[in-house]
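Working notes for the structure below.
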Amino acid sequence: LWSQVLERLQLELSRPTFETWIKTAQAERLENNCLVIITPNPFARNWLQKYYINTIANVVQSILGYPVDIYITVAQGDEVSPIEPRETIQEFASANFMSESLTQKTQTNADLNSKYVFSRFVVGANNRMAHAASLAVAESPGREFNPLFLCGGVGLGKTHLMQAIGHYRWEICPNSKIFYVSCEQFTNDLITAIRKDSMQSFREHYRAADVLLVDDIQFIEGKEYTQEEFFHTFNTLHEAGKQVVIASDRPPNQIPQLQERLSSRFSMGLIADIQPPDLETRMAILQKKAEYENIRLPRDVIEYIATNYKSNIRELEGALIRALAYISIWGLPMTVENITPVLETPSEKVAATPEAILNAVAANFDVSIEDLKGNSRRREISWARQIGMYLMRQHTDLSLPRIGEEFGGKDHTTVLYSCEKITQLKESDRNLENTLRQLSDQINMSSRSQK
Ligand code: ADP
Ligand code: MG
């Protein structure tokens, strides 16, 4: 039975998923409609339990012809494993290979990621100007480049640079008020303030900043009230000579529905853009990462990974982390051959039907297809709808207007907005990324079985 299950799963799941999580597991016994699966470590168990148990159950049911309960346990003897169950591969990898040396620990602002410092930022032709400007701002805020507007595609280091400015200021001047917020956070704070009738303290809070770092400002598009409020915050800070740094995936004049007065404010300092890194820079980034973590990486491995991940540094790092986890789980030497199974081949796209996508999303979020096609603005429903639109964009060749039609005749700008929003959010949200990955696996599975 298990080999049949494996065979099926191999078809259904993406190769990295299969190689890392499924192949390492074994079926122990099947009795009383209950299948026990053994994994090599608690981490693999959690992972399967969290993301793949339904997929496995479906496959087993389709082979046996009746439903079974799946129990996932850890191999005997590993019970005393020092590895704490971890939520994500990122954390697993951090715990196992990427332990920061103690001396490096610095006192940091809770809102900033301690790794996003200048010393860890690799400078290349693609980001030289943004880096230099950020450093200048960190050294003398509120002077030359105010605001500093960093723009560039997803995963190219905007947040890293922005937070590096925060850390740097913090070190020099521990009492300065450095606020890092995403545009959404700012909006949420604003909404809360309105609801709780505490606008006064909202304003006092933001207008007391010495350095205000606002990430992903493109999401301010169309939010009139946020724009209004941010305009005043910006002016107050700017007039007082306080530094404002803004990050965006595009320049101000390309953010739709951005008030002209904001657009012109954003452009009055320096707009510094970040381009995708060239091969050498990508290799230097991997090299640096490895050095920090005390891992020796053969040059050909570095080159191999760097060649395969071109346009997003987060994905580049993710590939390295997956490779390290895989090597460790299997106890293999680090060679190009050994890591190829877990590196995704670019654009493994399976044509899926819109129905399969709607079904998967509806089931996963516990909403109905009618809801997805309807006009309800209830949060769970519109969230599910946005994810559905994103997945349909990923999994089909349908145009934006056609996708809008599949969702009951929505405008193509709505579809575009959803796709961009989800793309952006998934970059910084592991849970969302995993949900999407799992949904993609499900969609691939049902689309294949329909053929
Ligand atoms: P963005 O905000 O532009 O989407 P991030 O700043 O979150 O991108 O960067 C994504 C990941 O890539 C982070 O882990 C970051 O540390 C890393 N990174 C980006 N640029 C560099 C660089 N030049 N050197 C080292 N690491 C980088
Ligand atoms: Mg970012």
From phi via Karplus (6.51, -1.76, 1.60), per-residue ³J(HN,Hα) for the range 11-24 in Hz, x at Gly/Pro
6, 7, 9, 5, 4, x, 4, 4, 4, 7, 10, 8, 4, 7
Which number do you get for Rg(Cα) / (2.2 N^0.38 Å) in the range 293-375?
1.60
Descending Cα extents along the principal axes, the range 164-232, whole Å
36, 26, 17
So what are the ³J(HN,Hα) numbers for the range 409-424, from phi and the Karplus equation (6.51, -1.76, 1.60; θ = phi - 60°), rounded to whole Hz, Gly and Pro as x?
x, 7, 5, 5, 5, 5, 4, 4, 4, 4, 4, 5, 4, 5, 4, 5
Normalised radius of gyration for the range 301-451, please: alpha carbon Rg relative to 2.2 N^0.38 Å, two decimal places.
1.18
Take the alpha-carbon positions of the range 121-165, form their convex hull, and give its projected area averaged over all directions (one quarter of the hull surface) in nm².
2.9
In the range 234-298, trypsin sites (Lys or Arg not before Pro) in a DSSP loop with at most 13 other beta-carbon atoms within 10 Å
Arg296
In whole µm²/s, the translational diffusion coefficient that Stokes-Einstein assigns to the range 100-254, given a Kirkwood hydrodynamic radius over C-alpha pairs, 10 °C and 1.306 mPa s, equals 99
Got a number for carbon plus sulfur as a percent of the chain's accessible area, 1.4 Å probe?
48
Can you classify the range 257-331 as rounded, prolate or oblate using the Cα gyration tensor, where a ≥ b ≥ c are the square roots of its eigenvalues, rounded means a/c under 1.5, and otherwise it's prolate if a/b beats b/c and oblate if not?
prolate
Please name whichever of Ile357, Ala290, Thr340 sits farthest to the positive end of the charge dipole of the chain, dipole taken about the Cα centre and charges placed at Cβ: Lys and Arg +1, Asp and Glu -1.
Ala290
Relative to the compact-globule estimate 2.2 N^0.38 Å (N residues), the Cα gyration radius of the range 217-305 stands at a ratio of 1.61
Taking Leu332, Leu148 and ranking on accessible area (1.4 Å, protein atoms only), highest first, one gets Leu332, Leu148
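Evaluate the charge dipole of the range 125-254 about its Cα centre and quote only its size in Debye, nearest 20, assuming +1 on the Cβ of each Lys and Arg and -1 on the Cβ of each Asp and Glu. Can you show the working numbers first?
Details: 12 positive and 16 negative charges, 42 e Å.
Dipole size: approximately 200 debye.
Could you list the square roots of 5 times each eigenvalue of the Cα gyration tensor of the chain, that is, the equivalent ellipsoid semi-axes, sorted largest first and rounded to whole Å?
On the way: eigenvalues 327, 169, 80 Å².
Taking √(5λ) for each Cα gyration eigenvalue gives 40, 29, 20 Å.
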Would you mind checking the tilt of helix 313-330 against the longest principal axis of the Cα atoms of the chain, expressed as 0 to 90 degrees and rounded to 10?
30
Rounded to the nearest 10 degrees, what's the angle between the helix 53-64 long axis and the longest principal axis of the chain, both from Cα atoms, 0 to 90?
20
What does the helix-only formula give at 222 nm for the chain: each DSSP H stretch with n ≥ 4 adding -39500 (n - 2.57), the total divided by the residues, and the result rounded to the nearest 500 deg cm²/dmol?
-16000 deg cm²/dmol
What is the spread of the Cα atoms of the range 222-369 along each of their three principal axes, largest first, in whole Å?
58, 47, 22
Which value, in Å² and to the nearest 10, is the accessible area of Asp371 when all protein chains are kept and the probe is 1.4 Å?
50
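The values are calculated or read from the model by the stated rules, or taken from the named source; none is laboratory data. Everything numeric in this text was worked out from a predicted model, so none of it was measured. Positions of Cβ are backbone-derived with ideal geometry, glycine not excepted, and every protein chain shown enters the neighbour counts. What goes into the accessible areas is simple: the full protein's heavy atoms, side chains included, and nothing from ligands, DNA or RNA. Shrake-Rupley method; radii C 1.70, N 1.55, O 1.52, S 1.80 Å.
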